[in-house]
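Worksheet: one structure, shown below.
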Amino acid sequence: MIVDSSKGIVRFKVVYHGIALSGKTTNIEQLAKKSGLDLLSFDTKGERTLVFDFITKKIKTDGFTLTFSIYTIPGQNIYKDIRRMVMRGVDAVVFVVDSSEKKLKENAEFIGILSQDLKAYGKELEETPVVIQYNKRDLPDALPLETLQREVYIPGKKTVEAVAIRGTGVVETFDLIAQELKEKFRKMIG
């Protein structure tokens, strides 16, 4: 969080994290579309994020303009250096889970990767604002929510069901993470 009190601006960095093809880019594409924002994306032929995608969303509250710089990370492990670079300075994370049964183990393992990525910058998973989004709820092989909440879960973190390709749950997910950051900021300023 960067606070410029002379201009009344607070900057937050939010990163959409998770396995490859879980729907991170689709989330911010839909958020950009619903909010009338411009998306910076490095278009790739394989339809996978190789660097990152980016949007900026602004919200006015309590006499301040809160600016959210929203990034995605590449989910493929061969791009872990880029993923870690994107994680630098992160204030909050949306962890996007592919709800399909065949991705269960990979999703669960990626929580450990998220924890490592945060530790690389002196942050702890438990203390970092995180919202878990169970995406792709419309797929025929989507696991029951109870299974996902048991197997791909971070204690104390809020969860949202989503079908990002349709825009379902996208704004709700962002609103939850934005609310956590607003509360953190309010506590900081007293």
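Read-outs throughout are calculated quantities, based only on the coordinates presented, and are distinct from any laboratory measurement. All figures in this text were calculated on a predicted structure; none of them were measured in a lab. Counting neighbours? That spans all protein chains shown, and the Cβs are built from the backbone with ideal geometry, glycine included.
Some notes on this structure:
- For Lys34, the aspartates and glutamates whose Cα falls under 16 Å of its own Cα, not counting residues fewer than eight places away in the same chain, are Glu172, Asp175.
- Scanning the chain for chymotrypsin sites (Phe, Trp or Tyr not before Pro) that sit in a DSSP loop and have at most 13 other Cβ atoms within 10 Å, the longest stretch containing none of them is 43-120.
- Against the empirical curve 2.2 N^0.38 Å, the C-alpha radius of gyration of the chain lands at a ratio of 0.98.
- Backbone N atoms of region 141-180 closer than 11 Å to the 7 Å Cα→Cβ label point of Thr61 belong to residues 175-180.
- Across the chain, the relative contact order, built from alpha-carbon pairs under 8 Å that are at least six residues apart, equals 23 percent.
- Scanning the chain for DSSP H helices at least 18 Å long along the axis (C-alpha atoms) with a Kyte-Doolittle mean no lower than -1.0 picks out 104-119, 170-189.
- Estimated from helical segments only, the mean residue ellipticity of the chain at 222 nm is -10500 deg cm²/dmol, where each DSSP H run of four or more residues counts as -39500 (n - 2.57).
- Relative exposure of Val90, Val152, judged by other C-beta atoms within 10 Å (fewest first): Val90, Val152
- Couplings 3J(HN,Hα) for region 62-71, derived from phi with the Karplus relation 6.51 cos²θ - 1.76 cosθ + 1.60 (θ = phi - 60°), are 6, x, 10, 9, 8, 10, 9, 8, 10, 10 Hz, where x marks Gly and Pro.
- Using a Förster distance of 41 Å, the FRET efficiency for Arg166-Lys187 (Cβ separation, nearest 0.05): 0.70
- Springs between Cα atoms under 10 Å define the GNM used for the chain, and in it the highest mean-square fluctuation of Pro74, Pro129, Pro140 occurs at Pro140.
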